[in-house]
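What follows is calculated from the coordinates using simple rules that are stated; it is not laboratory data. Computed from a predicted structure; not experimentally measured. Neighbour counts run over all protein chains shown; Cβ positions are idealised from the backbone, glycine included.
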Amino acid sequence: MGDVEPTEVAPSSKVDVQISNVGTSSKNKGKSKEIASSLKDKSVSTEGVESTKVSPTSKDREASSTTPSVEEIKKWKRADVMNFLREKQEDLDLDDEDIEIIRKNKVAGQAFLLLTEENLIQDGLPRGPAKSIAYLIETLKGGK
């Protein structure tokens with residue numbers, strides 16, 4: 001399918017529609033080209049059409065959220081690390097208890113960046129959360 005950029009259109013406005021690369025299966029190519037050529041350079045009224053905003057998925061939020069730099073993280077206090085892990089809790093599938101273990105170990109920014117999977121396991125985290133957090137740290141440092 002062609003690349004289509006969604007746009008929000010004000011009601012009662014007209015827009016020009018340009019269609020390219022419509023249809024990918026050989027069955028539909030002829031029909032799609034016919035439809036595309038009949039729509040080419042035509043104005044379409046959006047009068048009475050209601051716009052809908054779609055909520056982003058967790059992956060979209062992760063991709064769109066600003067990833068902190070290593071230099072920023074080094075300056076973090078313990079509370080900043082906790083807030084960051086709470087923001088990532090759903091994506092990393094962490095329990096409150098997993099984050100609590102890091103809080104009890106008084107991990108601030110620079111120490112957070114130095115954590116390894118082995119450290120996290122030694123501190124009492126189960127293997128799954130330890131791997132997830134260690135991978136996150138490596139990703140933040142640009143290692144993976």
Run the dipole for region 58-140 about the Cα centre, Lys and Arg Cβ at +1, Asp and Glu Cβ at -1, nothing else charged, and hand back the magnitude in debye, nearest 20. 360 debye
Could you give the nm distance between label points at Glu71 and Gln110, where each point is 7 Å from its Cα heading toward the beta carbon? 1.6 nm
Which of Lys88/Lys141; Lys106/Lys141; Lys104/Lys141; Lys75/Lys131; Lys74/Lys131 exceed 19 Å between C-alpha atoms? The answer is Lys106/Lys141; Lys104/Lys141; Lys75/Lys131; Lys74/Lys131
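Fully extended, how many nm does the chain gain between Tyr135 and Asp93 (0.36 nm per residue separation, minus their Cα-Cα distance)? Kindly include the intermediate steps, with their values, before the conclusion.
On the way: separation 42, 0.36 × 42 = 15.12 nm, distance 1.30 nm.
Result for the pair: 13.8 nm of gain on full extension.
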